[in-house]
Amino acid sequence: TMDAHRLIQMAQEKGLGEAAYDRLMLAYFTEGVPIGDPEELEKVVNEIDGLNWDEIEDVLTDMTLHFADVRADEQKALSKGVRSVPYFQLNGGKSIIDGSVEPSDLVNAIKRAL
């Protein structure tokens, strides 16, 4: 969601971008947390040490905060040829997997790149 991306941007300013990304991915893909729900998203992000509840609230209530940062990241990705997610560059960009593929195809591509 845009809100999740904006919160990751906020966390990144504090050197916590990777922690925020990892926590959100775990919550969504492993725990089944609906991070599109602002209340659930807020709970998850609030678990990250070093982030302030008030700052999280500010981002969630002011759509302009970090919006431009997210759009800039999108433009950067587009300029590199990213058109869908997931997107993997393997073997120094010689092998690209763009979009959803079967797990076995992904494993085979990684093996070929090694």
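Here are some notes:
For every residue, the table says whether it meets (1) more than 16 Å from the chain's Cα centre (by Cα); (2) surrounded by fewer than 16 Cβ atoms within 10 Å (Cβ to Cβ); (3) on the phi > 0 side of the Ramachandran plot.
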position	(1), (2), (3)
M2	no, yes, no
R6	no, no, no
Q12	no, no, no
V44	no, no, no
I48	no, no, no
D54	yes, yes, no
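- Selection count where residues are under 19 Å from D62 (Cα atoms) and either in contact with a helix residue (DSSP H, G or I) (Cβ under 6 Å, 6 or more places away or on another chain) or without any contact (Cβ under 8 Å) to a residue 24 or more places away in the chain (or both), scope the range 21-39: 4
- Residue match in the range 74-89 (condition: touching a residue at least 60 places away in the same chain (Cβ under 8 Å), open to solvent by 50 Å² or more (accessible area, probe 1.4 Å) and not basic (K, R)): no
- The helices (runs of 4 or more DSSP H) located wholly in the range 16-114 that include 3 or more residues which are more than 20 Å from H5 (Cβ to Cβ) occupy 103-113.
- Subset of the range 14-37 [exposed (fewer than 15 other Cβ atoms within 10 Å of the Cβ) and under 15 Å from H66 (Cβ atoms)]: K14
- Residues satisfying the stated conditions in the range 90-114, i.e. hydrophobic (A, V, I, L, M, F, W, C), at pLDDT below 90 and surrounded by fewer than 12 Cβ atoms within 10 Å (Cβ to Cβ): L114
The values are calculated or read from the model by the stated rules, or taken from the named source; none is laboratory data. Since the model is a prediction, treat every value here as computed from it, not as a measurement. No Cβ is skipped: glycine too gets one built from the backbone with ideal geometry, and neighbour counts run over all protein chains shown. Only protein heavy atoms, including side chains, enter the accessible area calculation; ligands, DNA and RNA are left aside. Shrake-Rupley method; radii C 1.70, N 1.55, O 1.52, S 1.80 Å.
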